[in-house]
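A.B. asks: My questions will all concern the structure given below.
The values are calculated or read from the model by the stated rules, or taken from the named source; none is laboratory data. Nothing here was measured: the structure is a model prediction, and the numbers come from that model. As a convention, Cβ positions derive from the backbone with ideal geometry for all residues, glycine included, and neighbour counts pool all protein chains shown. Side chains included, ligands, DNA and RNA excluded: accessible areas come from the protein's heavy atoms. Shrake-Rupley method; radii C 1.70, N 1.55, O 1.52, S 1.80 Å.
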Amino acid sequence: MRTLQVKHDRTTSSLVVFSETETMPHVTATALPAEGTEQPRVDLDAVRSRCHDRFEEFDGYSNQPFMDFGPRWGNLRRVDYGAGEALITTVMPVEFESELQALWLHPGLLDMAIGSAQAIVPGFSEAETFYVPFSYGRVLAHAPLPATAYSHVRLRDTSAADLAVFDITICDETGLGIVEIESFTMRRVPPGPSLTARRAEPHHSDPPAGESPIETALREGMLPHEGVDALDRLLAADIGPQVVATSVDLEQWIAKVDSEASGIDSGGDDASGTSAQYERPDIGSAYVPPATAVERELAVMWRELLGIERVGRDDDFFDLGGQSLIAVRLFTRMRKRYSVDLALSTLFEAPTIAQCAVVIAGKLGIDDPQLDDGDAGPSVTAHPDVHDAGQAAGRAVAEPAGFRSLVTIQKGGDRVPFFCVHGAGGNVLNFRDLSLAMGRSQPFYGLQARGIDGILRPHETIDEMAAAYLQEVRSLQPHGPYVFGGYSGGGLVAFEMAQQVRSQGEDVALVVLLDTFPPTIAHRKATLRSTFDRLREDTSGYIKHIFGRRLEVRRRARLRARLDEILAADGVVPGELRDIHLNDAFGDAAAKYTRQPWRGRVVLLRATDVAFAFEGIGDAYGWDEVVEDGFELVQVPGNHDTLVLEPNASRLVDLIRDTLEATRHLTSATQSSGPGAHTEAARPGAVPTS
């Protein structure tokens with residue numbers, strides 16, 4: 001037996017139906033009184049005249065073979081079909097009529113009155129097609145459902161392949177509307193869902209020699225329609241949450257992956273036994289083979305993760321196609337192999353294998369001598385005082401105590417530096433494309449979050465972040481004018497840095513907000529209308545999002561429980577938990593931040609591709625309300641994640657080039673007047689949006 005709980009918040013009118021926890025609801029809705037609404041009239045004779053294609057009569061139940069209904073559902077009498085519409089006649093059995101006054105929307109009568117006209121959906125087959133209720137857009141009940149009811153069902157033109165959307169009016173014998181339903185959505189499921197295996201016997205044949213797990217999956221994997229069918233059968237089954245649907249031998253797959261991972265960690269030159277997919281790209285430099293033990297081990301990791309057959313000791317990680325997601329995996333392997341915990345920003349200072357090997361050897365306190373040609377070299381063993389101590393403590397050797405947030409991304413020339421604050425995840429690796437797009441002569445510095453090393457704890461407020469970052473910024477550039485920027489939530493920190501440094505008597509030439517949302521965005525909830533609009537525009541994507549979000553909620557709950565234990569013990573946050581730790585901490589800090597009015601240059605670089613969750617907050621995200629003078633809006637191709645990556649980064653810089661050049665002239669003039677001087681300059685014209 002399952003117990004359902006209903007929570008109705010009268011202050012917000014929200015309604016939630018759930019079993020175990022409110023964060024994983026079965027139904028969400030907004031419930032409001034409908035006093036003063038006028039009941040519609042349905043011309044039943046006109047509807048019948050249009051629904052003359054055919055009719056079916058029933059003795060209480062439809063002919064569908066997929067479900068068995070109880071006696072209260074035995075109320076279906078007739079369905080008249082027309083083009084895209086139908087008229088359903090229902091009569092409640094006499095013994096249950098008394099229930100209608102207590103249950104305005106009696107489930108037995110309502111189900112048959114709204115779900116018995118599936119045959120008007122194009123391609124419907126009574127023997128093979130079955131739709132189940134998915135969602136309601138709006139339900140307006142004027143009175144209890146009558147014992148004899150007529151339901152006028154209209155199929156919307158927006159119905160998709162696996163979804164059917166209807167508008168329905170249920171009325172009494174006179175045509176007076178009793179219940180109005182908008183956007184009732186049904187989802188098609190295959191008949192007879194079960195967990196019956198598709199193959200009589202599991203397939204245990206050994207893969208061809210040298211075949212990788214990816215190649216095995218491509219050879220033996222599910223076809224798209226098989227995957228959809230498997231999902232439907234899993235969702236229909238009453239089983240636990242840990243389910244694996246696979247068409248390959250799972251134990252064989254796991255054993256092979258574990259073997260390859262073990263081989264890489266042991267330092268073999270080509271531990272995986274698989275060949276790279278691509279030739280080494282032409283990056284403008286000659287290939288120089290790795291020359292030391294650490295370099296050779298790193299080369300194996302780089303080849304595996306970048307998919308390149310040869311990686312030289314002087315090859316640049318970014319030039320080979322490396323980006324932040326690959327860097328995370330790379331540094332995870334390095335942490336497991338060497339018990340050395342390095343920040344991702346290390347790649348700015350040591351982007352080649354040779355440079356990275358020097359950093360690792362220095363952290364371990366070992367010599368990493370060059371090897372003779374042809375000598376594969378020994379596997380690296382760290383100094384006992386460093387490596388073994390780290391292993392005994394159950395964690396990686398961490399960054400030294402002198403952690404710095406300021407990261408040099410490119411030193412540039414004599415221009416005024418651009419200081420750019422991290423997003424909620426704390427890293428600054430995604431700023432490389434943007435720095436290059438600005439030109440090699442532009443000094444570019446990133447500000448990474450405290451706590452990214454797993455030892456220090458993140459700042460608790462935006463004000464604390466801004467103050468700490470300003471201290472490092474002013475050690476590099478003691479006086480203004482300053483140019484601050486911030487990506488995503490980092491824009492809030494940059495904005496607060498501008499506020500604080502101006503209160504210290506310094507000038508701020510420009511604040512650049514890279515798709516920065518208001519701090520209250522986390523408190524917004526999706527409305528029924530926005531939810532339906534998304535379902536209509538992106539049906540399959542939204543359904544995947546719903547199921548994926550539920551799984552993600554459970555996964556994050558487990559991770560947070562583990563994280564809470566580590567924090568309570570004042571331990572080091574492991575690498576796999578730092579992203580959620582930093583994101584949660586930043587979200588808490590942003591929720592407490594209040595933007596103060598600002599007079600000065602602020603440019604919001606807004607992504608043109610906006611997620612559904614952020615629609616409806618205005619093109620300027622509310623920044624035009626706090627920036628009293630000098631606000632500019634520039635729309636940039638891409639979405640929130642790709643805004644600062646190529647090719648969008650170059651387009652972004654092109655769109656604000658005039659603004660940057662004007663700022664350069666302004667800052668040059670101000671600096672020539674001396675530190676801290678306030679020089680007025682003509683404000684350049686606003687950059688047009690595109």
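A.B. asks: Which of the residues that make up segment 589-625 are small (Gly, Ala, Ser) and either modelled with pLDDT under 80 or out of contact with any helix residue (DSSP H, G or I) (no Cβ under 9 Å at 6 or more places or on another chain) (or both)? Step through it out loud before you land on a result.
C.D. replies: Kept after step one, since they are small (Gly, Ala, Ser), are these residues of segment 589-625: 589-591, 600, 607, 611, 613, 616, 618, 620, 622.
Within segment 589-625, Ala611, Ala613, Gly616, Gly618, Ala620 qualify.
A.B. asks: On to the next question. Test of understanding: among Arg556, Arg474, Arg536, Arg450, which residue is modelled with pLDDT of 85 or more, of a type outside the set (Phe, Trp, Tyr) and not in a loop (DSSP other than H, G, I, E, B)? Show your work before the answer.
C.D. replies: Details: Arg556 fails: modelled with pLDDT of 85 or more; Arg536 fails: modelled with pLDDT of 85 or more; Arg450 fails: not in a loop (DSSP other than H, G, I, E, B).
That would be Arg474, the only listed residue that is modelled with pLDDT of 85 or more, of a type outside the set (Phe, Trp, Tyr) and not in a loop (DSSP other than H, G, I, E, B).
A.B. asks: Would you check which residues across segment 120-146 are open to solvent by 30 Å² or more (accessible area, probe 1.4 Å), out of contact with any Leu (no Cβ under 8 Å at 6 or more places or on another chain), at pLDDT below 90 and not aromatic (Phe, Trp, Tyr) and list them?
C.D. replies: Pro122, Gly123, Ser125, Glu126, Ala127, Glu128, Val132, Pro133
A.B. asks: Another question about this same structure. Would you check which residues across segment 292-314 are in contact with a Pro (Cβ under 9 Å, 6 or more places away or on another chain) and closer than 13 Å to Gln355 by Cβ and list them?
C.D. replies: Those that are in contact with a Pro (Cβ under 9 Å, 6 or more places away or on another chain) and closer than 13 Å to Gln355 by Cβ: Thr292, Glu295, Leu298, Gly312, Arg313.
A.B. asks: Please specify each residue of segment 103-113 satisfying the condition of being modelled with pLDDT of 90 or more, of a type in the set (A, V, I, L, M, F, W, C) and surrounded by fewer than 21 Cβ atoms within 10 Å (Cβ to Cβ).
C.D. replies: Of everything in segment 103-113, just one residue is modelled with pLDDT of 90 or more, of a type in the set (A, V, I, L, M, F, W, C) and surrounded by fewer than 21 Cβ atoms within 10 Å (Cβ to Cβ), namely Leu105.
A.B. asks: Might you check whether a residue that is of a type in the set (A, V, I, L, M, F, W, C), modelled with pLDDT of 90 or more and either within 29 Å of Thr185 (Cα to Cα) or open to solvent by 10 Å² or more (accessible area, probe 1.4 Å) (or both) occurs anywhere in segment 488-501?
C.D. replies: Step one: of segment 488-501, the residues of a type in the set (A, V, I, L, M, F, W, C) are 492-495, 497-498, 501.
Subset that is modelled with pLDDT of 90 or more: 492-495, 497-498, 501.
With either within 29 Å of Thr185 (Cα to Cα) or open to solvent by 10 Å² or more (accessible area, probe 1.4 Å) (or both) added as a condition, the list becomes none.
Checked against the condition, which is being of a type in the set (A, V, I, L, M, F, W, C), modelled with pLDDT of 90 or more and either within 29 Å of Thr185 (Cα to Cα) or open to solvent by 10 Å² or more (accessible area, probe 1.4 Å) (or both), segment 488-501 yields no hits at all.
A.B. asks: Additional query: Considering segment 57-73 alone, what residues qualify as being touching a residue at least 24 places away in the same chain (Cβ under 8 Å), over 45 Å from the mean Cα position of the chain (by Cα) and open to solvent by less than 70 Å² (accessible area, probe 1.4 Å)?
C.D. replies: Scanning segment 57-73 gives a single hit, Gly60.
A.B. asks: Which ones in segment 138-169 are of a type outside the set (Phe, Trp, Tyr), within 21 Å of Ala83 (Cβ to Cβ) and in a strand (DSSP E or B)? Give the derivation first.
C.D. replies: Taking segment 138-169 as the starting set, the residues that turn out to be of a type outside the set (Phe, Trp, Tyr) are 138-149, 151-165, 167-169.
Still in the list and also within 21 Å of Ala83 (Cβ to Cβ): 151-161, 163-165, 167-169.
If the condition is that a residue be of a type outside the set (Phe, Trp, Tyr), within 21 Å of Ala83 (Cβ to Cβ) and in a strand (DSSP E or B), then Ser151, His152, Val153, Arg154, Leu155, Leu163, Ala164, Val165, Asp167, Ile168, Thr169 are the ones that fit.
A.B. asks: Still on this structure: Could you tell me whether Val47 is within 19 Å of Gly115 (Cβ to Cβ), open to solvent by less than 80 Å² (accessible area, probe 1.4 Å) and under 32 Å from the mean Cα position of the chain (by Cα)? Even if it seems obvious, please write down each step before you answer.
C.D. replies: Numbers: within 19 Å of Gly115 (Cβ to Cβ): yes; open to solvent by less than 80 Å² (accessible area, probe 1.4 Å): yes; under 32 Å from the mean Cα position of the chain (by Cα): no.
No; evaluated as a whole, the condition is false for this residue.
A.B. asks: Counting just the residues of segment 85-102 that are open to solvent by 30 Å² or more (accessible area, probe 1.4 Å) and among the small types (Gly, Ala, Ser), which one comes out modelled with the lowest pLDDT? Please lay out each step first, then the result.
C.D. replies: Here is the first cut: in segment 85-102, the ones open to solvent by 30 Å² or more (accessible area, probe 1.4 Å) are 91, 94-95, 97-99, 101-102.
If we keep only those that are among the small types (Gly, Ala, Ser) too, we end up with 98, 102.
Details: Ser98: 91, Ala102: 87.
Only one residue fits best here, namely Ala102.
A.B. asks: If you go through segment 503-510 one residue at a time, do you hit one that is in a strand (DSSP E or B), touching a strand residue (DSSP E or B) at 6+ places or on another chain (Cβ under 8 Å), farther than 21 Å from Ala590 by Cβ and open to solvent by less than 10 Å² (accessible area, probe 1.4 Å)?
C.D. replies: So far as segment 503-510 goes, yes, one or more of its residues are in a strand (DSSP E or B), touching a strand residue (DSSP E or B) at 6+ places or on another chain (Cβ under 8 Å), farther than 21 Å from Ala590 by Cβ and open to solvent by less than 10 Å² (accessible area, probe 1.4 Å).
A.B. asks: Among residues belonging to segment 170-185 that are open to solvent by 30 Å² or more (accessible area, probe 1.4 Å) and either part of a strand (DSSP E or B) or hydrophobic (A, V, I, L, M, F, W, C) (or both), point out the one that is nearest to Ala113 (Cα to Cα).
C.D. replies: Top of the filtered list is Glu180.
A.B. asks: Examine segment 470-487 for a residue that is under 27 Å from Leu652 (Cα atoms), buried (at least 19 other Cβ atoms within 10 Å of the Cβ), under 23 Å from the mean Cα position of the chain (by Cα) and among the hydrophobic types (A, V, I, L, M, F, W, C), and state whether such a residue exists.
C.D. replies: no
A.B. asks: Looking at the structure I just gave you, is Val6 open to solvent by 90 Å² or more (accessible area, probe 1.4 Å) and assigned to a strand (DSSP E or B)? Quick ask: steps written out before the conclusion?
C.D. replies: Working: open to solvent by 90 Å² or more (accessible area, probe 1.4 Å): yes; assigned to a strand (DSSP E or B): yes.
Yes; evaluated as a whole, the condition is true for this residue.
A.B. asks: Take the residues in segment 446-466 that are out of contact with any strand residue (DSSP E or B) (no Cβ under 9 Å at 6 or more places or on another chain) and more than 16 Å from Phe403 (Cβ to Cβ); name whichever of them is least open to solvent (accessible area, probe 1.4 Å).
C.D. replies: Across segment 446-466, the extreme among qualifying residues is Ile462.
So that you can scan it fast, the table gives a plain yes or no per residue for (1) open to solvent by less than 60 Å² (accessible area, probe 1.4 Å); (2) touching a Ser or Thr at 6+ places or on another chain (Cβ under 8 Å); (3) assigned to a loop (DSSP other than H, G, I, E, B); (4) modelled with pLDDT of 85 or more:
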residue	(1), (2), (3), (4)
Phe631	yes, no, no, yes
Gly638	yes, yes, yes, no
Glu646	no, no, yes, no
Leu660	yes, no, no, no
Arg664	no, no, no, no
Gly674	yes, no, yes, no
His678	no, yes, yes, no
Val687	yes, yes, yes, no
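A.B. asks: Which of the residues belonging to segment 303-315 are open to solvent by 10 Å² or more (accessible area, probe 1.4 Å) and out of contact with any strand residue (DSSP E or B) (no Cβ under 6 Å at 6 or more places or on another chain)?
C.D. replies: Filtering segment 303-315 down to residues open to solvent by 10 Å² or more (accessible area, probe 1.4 Å) leaves 303-307, 309-310, 313-314.
Passing the criteria: Arg303, Glu304, Leu305, Leu306, Glu309, Arg310, Arg313.
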